[in-house]
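Colleague: Sharing a structure with you now.
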Amino acid sequence: MTLAIEDLEGIAKIEKERQEGFRHRINVCIAAGCLSCQSGLVREALEKEVGRRGMENWCLVKGVGCLGLCAAGPLISVEPDGVYYQGVTVSDVSEILDSLGGSPIGRLHCPAQSPFFTRQHRIVTENCGKIDPERIEDYIAERGYEALYTVLRSMTPGEVIEQVVASGMRGRGGAGFPSGLKWTAVSKAVNNTKFVICNADEGDPGAFMDRSVLESDPHRVIEGMAIAAYAVGARHGYVYVRAEYPLAVKRVRTAIAQAERLGVLGSGIFNTRFDFKIEVRLGAGAFVCGEETALIASIEGRLGRPRPRPPFPAEFGLWGCPTLINNVETLANIPPIVRNGGRWLAGIGTEKSKGTKVFALAGRVNNTGLIEVPMGTILRDIVFDIGGGIPEGRQFKAVQTGGPSGGCIPEQHLDMPVDYESLAAVGSIMGSGGMIIMDDASCMVDVAQFFMEFCMSESCGKCVPCRVGTTQIYHLLRKITNGTGKPSDLAMLEELCDLVKNTSLCGLGQTAPNPVISTLRYFRNEYLEHIDDKTCQAGACKIGSVREAL
Amino acid sequence: MNRVRIATTWLDGCSGCHMSFLDMDETLAAVADRIEIVYGPLVDAKEFPDGVDVTLVEGAVGNAHDREELERIRERTHILISFGDCAVTANVPAMRNQFKLQDVLKRGYVDNVSHHPAVPDAGVPKLLERVRPLHEFVAVDLFLPGCPPPSEAILLALTDLLEGRTPEVQGKTRFGA
Amino acid sequence: MTTPSYTPDPTPYVRRDVNPVRILTFTIDGRDVSAREDETILSVARQNGIFIPTLCHLDGLSERGACRLCIVEVKGAPKLLPSCVTLPRQDMEVTTNSDRVADYRRKILELMYSERNHVCSVCVSNGHCELQNLSVVLGMTHVRYDYIYPKHAIDASHERFSVDHNRCVLCQRCVRVCDEIEGAHTWDVMGRGITSRVITDLNQPWGSSETCTGCGKCVQVCPTGALSEKGKSVAEMIKRRQFLPYLQMMRREGRRAVAEGIR
């Protein structure tokens, strides 16, 4: 079966008409965040009540992806009124249905005009909270797979890559390698067999961008992969997703099955000679498998351990074949780039960081959740406007970006734009987009210790500096936080950080010391307090017993 | 000419390094008129004296007494040499570090004893939780690894020091025997 | 469950990004050297009598680039590169023994010593241990990092050999020789990070391993006293590795014969 553009348009039209046929549409967030606070029950109750009242024909209850403001879940939105409700419970269901068409319920109301919603610029997450992630028709109704059709029917692979190059987009997985360059490299590699891999092994503590995108809009990633495959000349794709994301896994699998059934994946897609198949591979919970060579080893069925590069996967990847590995968010940017042209994306963001970035706000901030902002947005605006500031009137202390590979950014740097270069200049990294906000109740030595413990237990153990070095750093930090640190330990910490950073085999080890280096840079006084005065101002470290013993 | 005041001592060790020291044999006689051994198992002095130029410390730090002794030596010595593997790495004494101290004591004084099994608590220094090398407690000026360090290496270190040179012992001694 | 979309070629992969015919010239420590494009910096350095310390590398086994002792500086490269896996490029300028590199190597060696319980004086490999020799060569006289003192067992269940995890540096030579040369793949690694450990079969006692052929190659390639032959004194426990270059040569000849026969 082959699909023509008319078929796509037909599906979109039917779906649009179907949805618009309902006078009221209630969108219930069914991404993991809201599901964990029982949005599933709310949805069921709504459906039941709609049925009981006989409203099925003019009121649609739809499960949708992440609405963003996870702190206020379960979230629902009512269309076409554009009303958001937060913290909805089963007992609110009748009231919500009563209020349809009337004035919104004040006590549940979540202001859609708040900066959290208005200051965002949604490209990757444009469909999140809008479409039903388990229905391909809903995605097609939002111009889904149109980009793939355009690419296959009217563009050469070279032209597709040109658009990605023109967009200036850099990889969203962490290192910020220019995506166009990567695509060009893989496309130039000479081999009949090539692969496209979607890296969805999101492992940073406090990061949930990729999970949310996969849970809310899986088809976008599949479409991005198919376009990438066409551009570089691959016919096989893998989605490598961690098993800790069962919902994302389920939705991706559903989406792949739907796409295959419809013919947008498989053989002779859109009546061309392009074949593309996607398989899902589950990661068994190793952080290091987000590193591309370890990820490849894991897909091959070997121990998930990195190997030295070069050769890079672009020339020697999965089973020795040229392989394009892109992060979920990078691939999710591809369909809009094709639809609107690379220059369109290049018009968003800063000079060297193009487009938008999805961040997961977590920690001590009012609006924890998922946001998407243009590159170059001022960090202070993210924390205080969009994030809504620090709860309980406490004092802001630092924001941690980039997960275990990133650094802590203190108050004095809050007015910087968030882009790859600026973050690097203050000793952090963009990373995959985790942003953990800390207030004065957080002890920065304790934070460094947390991340170092993470790196220590996630080190694969292959190379010596990372395996033993992270352990030694962790032991030193533990000494400092339990009050037995010596003044000379700081110099030793710095020495070990330098060693691990410069001699480790892969990115995990090379960046593992960053949280320690950045906290030593900005919060050295806290280290000194722990060592000299045996006190922890934040009260996070338990060094009281040691003080008594002294 | 003032003789260089040298002391030797052993903490948690087997005295093997001292045997190697004595193994310098007649070469010891060659430097004998330039040095004076002021303290150690080889001479009869009860108290570690002040103003010692060079002290060779054999053995690891395994108990409270070792620790006090080492700290006193550091105060009163110009150049402190970590003498042999036990001093440098904690070596064999540190093999108990894999176990809890109570388990070690129980094994030694209770489990394997047929008469009056009891952990002694008076008249013996308190064992530290872990046996540690010297440099984890005090600053060390020169490391002479080896189990024991060969007498040639000891002689070389001493002669270099007597001549006012920084001893270069690389390749002359190593960890282990 | 859908059928896999791709079935990999079972033959071992060959690096296609190098051209083994082309010869290039570059410099190591200021000396002009020449190399085939598929030779590593380490191997070219050794051909020219330039010493680069190694531990996980062993001629005849695949490279891992994991011990990081063979790191070298390459002019223009921001990172230090492991010479055992880095291929030279035309006009590359390699420095093998700068102060910076020597300093890092010493520190890495210190980390190795701090990781397990290396008690050289009572080790079966005392006197012919590569780790012990490295401490002399690199001028490492003491370990400044705190020793970790992990608790590790000894598995002496095998009839002829024993494994003492206290002396293991996780170089994985045993794993590689067993897999690549003997073809048994009895050895592998379990756990990760600091808790990694070499195991036989699925972490069963070596003596009850059904895959172990008892060839002893693992013992011979082990750089330390982690793997040893039972009943041998310290003086006798010298590792014999002559079989590796020999097998390498035989296999090369065999491959050539097959290729020529086909032609």
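Yes/no matrix, rows are residues, columns are (1) modelled with pLDDT under 95; (2) within 30 Å of residue A:158 (Cβ to Cβ):
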{"site": "A:323", "(1), (2)": "no, yes"}
{"site": "A:326", "(1), (2)": "no, yes"}
{"site": "A:329", "(1), (2)": "no, yes"}
{"site": "A:334", "(1), (2)": "no, yes"}
{"site": "A:338", "(1), (2)": "no, yes"}
{"site": "A:346", "(1), (2)": "no, yes"}
{"site": "A:353", "(1), (2)": "yes, yes"}
{"site": "A:363", "(1), (2)": "yes, no"}
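Colleague: Check residue A:298 against each of (1) touching a Lys or Arg at 6+ places or on another chain (Cβ under 8 Å); (2) farther than 28 Å from residue C:57 by Cβ and name the one condition it does not meet.
Modeller: For residue A:298, the exception is condition (2).
Colleague: Of the numbered conditions (1) in contact with a strand residue (DSSP E or B) (Cβ under 9 Å, 6 or more places away or on another chain); (2) part of a loop (DSSP other than H, G, I, E, B); (3) under 30 Å from residue C:210 (Cα atoms); (4) away from chain B (no Cβ under 14 Å), residue C:159 satisfies every one except a single condition; which is it?
Modeller: (1)
Here's the yes/no breakdown for (1) basic (Lys, Arg); (2) assigned to a strand (DSSP E or B); (3) buried (at least 24 other Cβ atoms within 10 Å of the Cβ):
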| residue | (1), (2), (3) |
| --- | --- |
| A:422 | no, no, no |
| A:427 | no, no, no |
| A:445 | no, no, yes |
| A:455 | no, no, yes |
| A:462 | yes, no, yes |
| A:478 | yes, no, no |
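Colleague: Quick one: which residue in C:197, C:241 is under 29 Å from residue A:289 (Cβ atoms), within 20 Å of the chain's Cα centre (by Cα) and in the same structural domain as residue C:123 (by TED's automatic domain parsing)?
Modeller: C:197
Colleague: Considering only residues of segment B:143-163 that are among the small types (Gly, Ala, Ser) and within 14 Å of chain C (Cβ to nearest Cβ), which is farthest from residue B:16 (Cα to Cα)? Walk me through how you get there before you give the answer.
Modeller: Narrowing segment B:143-163 to residues among the small types (Gly, Ala, Ser): B:146, B:151, B:153, B:157.
Subset that is within 14 Å of chain C (Cβ to nearest Cβ): B:146, B:153, B:157.
Working: B:146: 10, B:153: 14, B:157: 18 Å.
This residue is B:157.
Colleague: Could you please let me know if residue B:166 is more than 11 Å from every other protein chain (Cβ to nearest Cβ), outside any helix (DSSP H, G or I) and closer than 21 Å to residue B:6 by Cα? Quick ask: steps written out before the conclusion?
Modeller: Working: more than 11 Å from every other protein chain (Cβ to nearest Cβ): yes; outside any helix (DSSP H, G or I): yes; closer than 21 Å to residue B:6 by Cα: yes.
It is true that residue B:166 is more than 11 Å from every other protein chain (Cβ to nearest Cβ), outside any helix (DSSP H, G or I) and closer than 21 Å to residue B:6 by Cα.
Colleague: Has segment C:86-109 got any residue that is in contact with a Cys (Cβ under 6 Å, 6 or more places away or on another chain), at pLDDT 95 or above and not hydroxyl-bearing (Ser, Thr, Tyr)?
Modeller: Initial filter on segment C:86-109 (in contact with a Cys (Cβ under 6 Å, 6 or more places away or on another chain)): none.
No.
Colleague: With the requirement that a residue be over 22 Å from residue A:80 (Cα atoms) and not small (Gly, Ala, Ser), what does segment A:1-51 give you?
Modeller: Scanning segment A:1-51 gives A:1, A:2, A:3, A:5, A:6, A:7, A:8, A:9, A:35, A:37, A:38, A:41.
Colleague: Here's something else I'd like to know. Restrict the check to segment A:268-278 and report whether at least one residue is hydrophobic (A, V, I, L, M, F, W, C), within 21 Å of residue A:325 (Cα to Cα), crowded, with 19+ Cβ neighbours inside 10 Å and within 24 Å of the chain's Cα centre (by Cα).
Modeller: yes
Colleague: Moving on to the next point. I'd like the full set of residues that are at the interface with chain C (Cβ under 9 Å from one of its Cβ atoms) and of a type in the set (D, E, K, R), limited to segment B:127-142.
Modeller: B:130, B:132, B:136 - these are the residues of segment B:127-142 that are at the interface with chain C (Cβ under 9 Å from one of its Cβ atoms) and of a type in the set (D, E, K, R).
Colleague: Go through segment C:127-137 residue by residue and tally those that are surrounded by 19 or more Cβ atoms within 10 Å (Cβ to Cβ) and either at pLDDT below 95 or within 7 Å of another protein chain (Cβ to nearest Cβ) (or both).
Modeller: 2
Colleague: Looking at A:180, A:237, can you tell me which residue is among the small types (Gly, Ala, Ser) and either farther than 20 Å from residue A:322 by Cα or touching a strand residue (DSSP E or B) at 6+ places or on another chain (Cβ under 7 Å) (or both)? Walk me through it before giving the result.
Modeller: Details: A:180 fails: either farther than 20 Å from residue A:322 by Cα or touching a strand residue (DSSP E or B) at 6+ places or on another chain (Cβ under 7 Å) (or both).
Within the list A:180, A:237, the selection yields A:237.
Colleague: Please indicate, with yes or no, whether at least one residue in segment B:73-85 is within 11 Å of the chain's Cα centre (by Cα), within 14 Å of chain C (Cβ to nearest Cβ) and in a helix (DSSP H, G or I).
Modeller: Within segment B:73-85 (the criterion being within 11 Å of the chain's Cα centre (by Cα), within 14 Å of chain C (Cβ to nearest Cβ) and in a helix (DSSP H, G or I)), the answer is yes, since at least one residue qualifies.
Colleague: Moving on. Take residue C:124 and decide whether it is over 17 Å from residue A:474 (Cβ atoms) and facing another protein chain (nearest Cβ under 9 Å). First the steps, then the outcome.
Modeller: Numbers: over 17 Å from residue A:474 (Cβ atoms): yes; facing another protein chain (nearest Cβ under 9 Å): no.
Criteria not met by residue C:124.
Colleague: Take residue A:176 and tell me if it is under 21 Å from residue A:252 (Cβ atoms) and in contact with a Phe, Trp or Tyr (Cβ under 7 Å, 6 or more places away or on another chain).
Modeller: Numbers: under 21 Å from residue A:252 (Cβ atoms): no; in contact with a Phe, Trp or Tyr (Cβ under 7 Å, 6 or more places away or on another chain): yes.
So residue A:176 fails the test.
This table checks each residue for (1) free of Cβ contacts under 8 Å to residues at least 40 places away in the same chain; (2) of a type in the set (S, T, N, Q); (3) crowded, with 19+ Cβ neighbours inside 10 Å; (4) touching a Gly at 6+ places or on another chain (Cβ under 7 Å).
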residue	(1), (2), (3), (4)
A:360	no, no, yes, yes
A:367	no, yes, yes, yes
A:384	yes, no, no, no
A:400	no, yes, yes, yes
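Colleague: Then there's this: Go through segment C:200-228 and give me each residue that's part of a helix (DSSP H, G or I) and within 30 Å of residue A:289 (Cα to Cα).
Modeller: Initial filter on segment C:200-228 (part of a helix (DSSP H, G or I)): C:206-208, C:217-221.
Answer for segment C:200-228, where residues must be part of a helix (DSSP H, G or I) and within 30 Å of residue A:289 (Cα to Cα): C:206, C:218, C:221.
Colleague: Shifting gears a bit: Of all residues in segment C:107-121, which are touching a residue at least 12 places away in the same chain (Cβ under 8 Å), in a helix (DSSP H, G or I) and either within 7 Å of another protein chain (Cβ to nearest Cβ) or more than 17 Å from residue C:149 (Cα to Cα) (or both)?
Modeller: First, the residues of segment C:107-121 that are touching a residue at least 12 places away in the same chain (Cβ under 8 Å): C:108-120.
Narrowing further to those that are in a helix (DSSP H, G or I): C:108-115, C:120.
Answer for segment C:107-121, where residues must be touching a residue at least 12 places away in the same chain (Cβ under 8 Å), in a helix (DSSP H, G or I) and either within 7 Å of another protein chain (Cβ to nearest Cβ) or more than 17 Å from residue C:149 (Cα to Cα) (or both): C:108, C:111, C:112, C:114, C:115, C:120.
Colleague: Also, I was wondering about something else. For residue A:491, which of the numbered conditions (1) surrounded by fewer than 24 Cβ atoms within 10 Å (Cβ to Cβ); (2) more than 19 Å from residue B:136 (Cβ to Cβ) fails to hold?
Modeller: For residue A:491, the failing item is (2).
Colleague: Here is a further query. For segment A:336-346, indicate whether the set of residues that are more than 30 Å from residue A:111 (Cα to Cα), crowded, with 24+ Cβ neighbours inside 10 Å and more than 14 Å from every other protein chain (Cβ to nearest Cβ) is non-empty.
Modeller: yes
Colleague: What are the residues in segment C:115-137 that are more than 22 Å from residue B:134 (Cα to Cα) and aliphatic (A, V, I, L, M), if any?
Modeller: C:124, C:131, C:134, C:137, listed by residue number.
Colleague: Here is a further query. Quick check on segment A:279-291. Is at least one of its residues facing chain C (nearest Cβ under 9 Å), charged (D, E, K, R), in contact with a strand residue (DSSP E or B) (Cβ under 7 Å, 6 or more places away or on another chain) and closer than 15 Å to residue A:325 by Cα?
Modeller: Yes, some residue in segment A:279-291 is facing chain C (nearest Cβ under 9 Å), charged (D, E, K, R), in contact with a strand residue (DSSP E or B) (Cβ under 7 Å, 6 or more places away or on another chain) and closer than 15 Å to residue A:325 by Cα.
Colleague: Report, ordered by the first and then the second residue, all pairs with beta carbons closer than 8 Å, sequence separation of six or more or different chains, a first member in segment A:459-481 that is at positive phi, and a second member that is in a helix (DSSP H, G or I) and of a type in the set (Gly, Ala, Ser).
Modeller: A:461/C:193
Colleague: Please verify whether residue B:171 is over 17 Å from the mean Cα position of the chain (by Cα) and facing chain C (nearest Cβ under 9 Å), treating the condition exactly as stated. Before the answer, list the steps.
Modeller: Working: over 17 Å from the mean Cα position of the chain (by Cα): yes; facing chain C (nearest Cβ under 9 Å): yes.
Answer is yes for this residue.
Colleague: Exactly one condition in (1) in the same structural domain as residue A:198 (by TED's automatic domain parsing); (2) surrounded by 17 or more Cβ atoms within 10 Å (Cβ to Cβ) is false for residue A:153; which is it?
Modeller: (2)
Colleague: Can you spot a residue in segment B:71-90 that is hydroxyl-bearing (Ser, Thr, Tyr) and free of Cβ contacts under 8 Å to residues at least 12 places away in the same chain?
Modeller: First, the residues of segment B:71-90 that are hydroxyl-bearing (Ser, Thr, Tyr): B:77, B:82, B:89.
Those still in the list that are free of Cβ contacts under 8 Å to residues at least 12 places away in the same chain too: none.
Within segment B:71-90 (the criterion being hydroxyl-bearing (Ser, Thr, Tyr) and free of Cβ contacts under 8 Å to residues at least 12 places away in the same chain), the answer is no, since none of the residues qualifies.
Colleague: Counting only residues that are over 19 Å from residue A:220 (Cα atoms) and not hydrophobic (A, V, I, L, M, F, W, C), how many does segment A:158-193 have? Steps first, please.
Modeller: Filtering segment A:158-193 for residues over 19 Å from residue A:220 (Cα atoms) gives A:158-159, A:162, A:165-166, A:168, A:174-178, A:181-182, A:184-193.
Next cut, not hydrophobic (A, V, I, L, M, F, W, C) only: A:158-159, A:162, A:168, A:174, A:176, A:178, A:182, A:184, A:187-188, A:191-193.
Final tally of qualifying residues: 14.
The values are calculated or read from the model by the stated rules, or taken from the named source; none is laboratory data. Just so you know, these numbers come straight off a predicted model, no measurement behind them. FYI the Cβ positions are ideal-geometry reconstructions off the backbone, even for glycines, and counts take in every protein chain you see.
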